[in-house]
1. Identify all residues within segment 37-52 that are surrounded by 14 or more Cβ atoms within 10 Å (Cβ to Cβ) and either within 17 Å of Cys16 (Cα to Cα) or hydroxyl-bearing (Ser, Thr, Tyr) (or both); write none if there are none.
2. Can you say whether Leu61 is at pLDDT 95 or above and closer than 17 Å to Glu88 by Cα, as far as the supplied structure shows?
3. Quick check on segment 7-36: of everything there that is among the polar types (S, T, N, Q) and farther than 26 Å from Gly48 by Cβ, which residue is surrounded by the most Cβ atoms within 10 Å (Cβ to Cβ)?
Amino acid sequence: MISEKIIIANLKCTGCATTIAHELLKLKGVKHLDVIQEENAVSLSYEGIDRSVIIDKLYDLGYPEATAENGLLLQLKSYSSCMMGRIENLKK
């Protein structure tokens, strides 16, 4: 099992964190996940899945790895993901 912390861009609030956790935990092989807002990071454990699949999913949600280019389109995607997470939080 691999455990690591991935520093990401565009993490703003609990809505973002909810969406990230919800979507990454859908990936087969992701075993444990914590979104650490204060550090703009995702700490996770996984096996049987390539790291690039996780990074691609984060990118698709609008939360690229901090070393990646972060253009306007990704920032807009992150706002959309954030809103979905906020709606999900309201359901709880």
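1. Asn40, Ala41, Val42, Ser43, Leu44, Ser45, Tyr46
2. Details: at pLDDT 95 or above: no; closer than 17 Å to Glu88 by Cα: yes.
For Leu61, the condition - at pLDDT 95 or above and closer than 17 Å to Glu88 by Cα - is not met.
3. Looking only at segment 7-36, we keep the residues that are among the polar types (S, T, N, Q), and these are 10, 14, 18-19.
Still in the running and farther than 26 Å from Gly48 by Cβ: 10, 14.
Details: Asn10: 21, Thr14: 14.
Taking the candidates together, the pick is Asn10.
The values are calculated or read from the model by the stated rules, or taken from the named source; none is laboratory data. Nothing here was measured: the structure is a model prediction, and the numbers come from that model. Backbone-built Cβ (ideal geometry, glycine too); neighbour counts: all protein chains shown.
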